[in-house]
1. Identify unpaired cysteines across the chain, taking unpaired to mean no other cysteine Cβ lies under 4.7 Å from the residue's Cβ.
2. If packing is taken as the mean number of other Cβ atoms within 10 Å per residue, what is the order of 131-138, 635-642, highest first?
3. Label A37 and D469 with points 7 Å out from Cα along Cα→Cβ: what is the distance between them in nm?
4. Sum up the lysine pairs in the stretch 166-299 that clear both bars: alpha-carbon distance under 19 Å and a spacing of 8 or more or different chains.
5. Please list, in chain and number order, the residues 5+ apart from A241 or on another chain whose amide H is under 5 Å from its amide H, with Hs placed from the backbone.
6. Rank T467, T628 by accessible area, highest first, at a 1.4 Å probe radius?
7. Could you size up the charge dipole of the stretch 11-71 around its Cα centre, putting +1 on the beta carbon of Lys and Arg and -1 on that of Asp and Glu, and report it in debye to the nearest 20?
8. Between A166 and D306, what length in nm is gained on full extension when 0.36 nm per residue of separation is reduced by their alpha carbon distance?
Amino acid sequence: MPASKPVDISEADAANELMRLAREIAKHNKLYHAKDAPEITDPEFDALVRRNAELEAAFPHLVREDSPSKVVGHEIAASPLSKVTHEVRMMSLDNAFSAEEVEEWVARVRRFLSLDEDEPVAITAEDKIDGLSCSLRYENGKLVRAATRGDGQVGEDVTPNVAHIADIPQMLSGDVPEVFEIRGEVYMSKADFHALNAAQEEAGGKLFANPRNAAAGSLRQKDASVTAKRPLRFWAHGWGAASDVPGKTQEEVVRKIEAWGVPVSPLFTRVHDVEGMLAHYDKIGRERADLPYEIDGVVYKVDRLDYQQRLGFVAKAPRWALAHKFPAEQAETTLEAIDIQVGRTGKLTPVGRLAPVLVGGVTVTNVTLHNRDEIARLGVRPGDRVVVQRAGDVIPQLVDNLTREVEREPFIFPDHCPECDSEAVAEEGEVDVRCTGGLICPAQRTERLKHFVSRGALDIDGLGEKTIDQFFALGWLESPADIFRLRERRDAILALEGWQERSVDKLVDSIEARREPDAARLLFGLGIRHVGAVTARDLMKYFHELPALREVAEAAHAGDEEAAQALTSIDGIGGAVVEALGDFFHEDHNKAVWDDLLSEVSPPRYEVETKESPVSGKTVVFTGKLETMSRDEAKAQAERLGAKASGSVSAKTDLLVAGPGAGSKLKKAADLGIEVIDEAGWAAIVAAAE
Ligand SMILES: [Zn+2]
């Protein structure tokens, strides 16, 4: 945990920082709680919250209406689950990160209660599991409702979802008050988390960042049968609304809950002073790595319930409880090498290979270095001593370089792809370096093939993602041209499981139907960066033939000013496209793929046939949702009818085609007296012309 900066800033700066923090914290809160997809580690998040608290303490008059200190958890985003208002608000906990803060807290409690120096105050201590808070309402011992914490006041109803969690009994056994809400955490064990992620990866599903997100994502399902398949656990640590509280201390009630059949932390204990608290914290810290579940600290509570009552709450948290967080775990080691991995989109990601080091009980051998800038920022080179940090189950990070000052050759980021040796470039203003060998790069090939056959490109039926993966693995699909040679593998395909005469015929037929493809779709299908469907059409309208485009793009890349100008003079074509085309044709591999492909297919000369129509020469704008076609397709139709498709409504607009959900453009068109028709009206114009 890096120490926070002292508050020595001006009021204006503080106000700005508080505004920024409110936004940042709200954003990460939402990613974490509502989307189960955090972008930063928990300690990083805690650091933001602490900085906010520190500034608010120093500038109390600057505390914002939307201050993160007033919010518990997340406000419920558009959720398919129905809402539940908690009868007793679900609180969050104040955090402490050091022994001094724990001591201060105990001293505050004692002062608040005006306890004599020798009067003991018992404290319960238990490990803080990293799960999803849940409130279980039992009436006459029977579970009637389960709800998530939500924003503390209003949560989500997950009653059907918890039905399959064995730790949550439908009936409590024993002498249970008429109404009793048990509060605790739904969580997933480390082992179950890893198994779930492995299964998700196998199935091509979403991977969870950590067990907490896996638990939350599994519980907050509209379809409770999905939850039922996930190995969720629960333990109790408190209670909410209760017609009767069966005990005078926290420990007594927790033991009652346990006796009724609901698990509680096996490490729950009661101590009598700060030494006892810290000793239990250290014990749990030592056992942490071996625990079957993920924890992020220890929770202390004042044991006597009458004391809790007197201490009450401040803002969003009880004064009688404290979460003592574990620091992010760090260790020192040697960075032995920096390897470059190529992702499916061609992005080159540097990975640090470490001399194996134990960080919080886990051996770490790799860290991600994110990108070229991160390497420069840390100034790391192979051989450097570095500090590695690991928090929870997130990917370890390299946080510091201890040998920055030592003279050594700097690390040179590669300018060629390690997988295919194509040039690797970063575009202006971008940090990511990408391989330009899209079509031949093994790291990118299947993605490119999938794009090539997709609806907007060649639109080949029957060649789905799984089939591409399978054929690729068999070595049948090295490049797009191979698709057109699949007919030669007819018998081999037929021998595969799941294929019959009919399905193979269908596949071959749909491939053969694309022997004379639309040149613009073919160009788009090659997946050249910045050459989208519209750009591909703009280019082909100008060049008509693919070889003509290639000739000019190559000339432009070689420095021919005239050629570059010819390209940029085309409507809709800018420098980025010219550069991307140049990079593409500069690669011998790409040229080979291109030649190979054009030996299999023969796109006819590209002409936009403009037909005489009522909209010839007019400017048309499409807005709102189109039901039967994509926006691109609509624009292409307009072009075929000799109309110009524009993106914005102005005095020059002749016709607005408005689908459902049309907003400001529709209003503006009405103000300007422009003719407005719906999608059916447009379809009628198209049908009449064709
Ligand atoms: Zn590559």
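The values are calculated or read from the model by the stated rules, or taken from the named source; none is laboratory data. All values reported here derive from a predicted model rather than from experimental measurement. Note that we place each Cβ from the backbone using ideal geometry, even for glycine, and neighbour counts take in every protein chain shown. Accessible surface areas use protein heavy atoms only, side chains included; no ligands, DNA or RNA. Shrake-Rupley method; radii C 1.70, N 1.55, O 1.52, S 1.80 Å.
1. So, C134.
2. Numbers: 131-138: 24.2, 635-642: 20.4.
Going from most to least packed, we get 131-138, 635-642.
3. So the label points at A37 and D469 sit 1.9 nm apart.
4. Taking the stretch 166-299 as the scope, the lysine pair count is 5.
5. Here V88, E181 satisfy the definition.
6. Largest accessible area first, the list is T628, T467.
7. Numbers: 9 positive and 13 negative charges, 44 e Å.
That gives the stretch 11-71 a dipole magnitude of about 220 debye.
8. 47.1 nm
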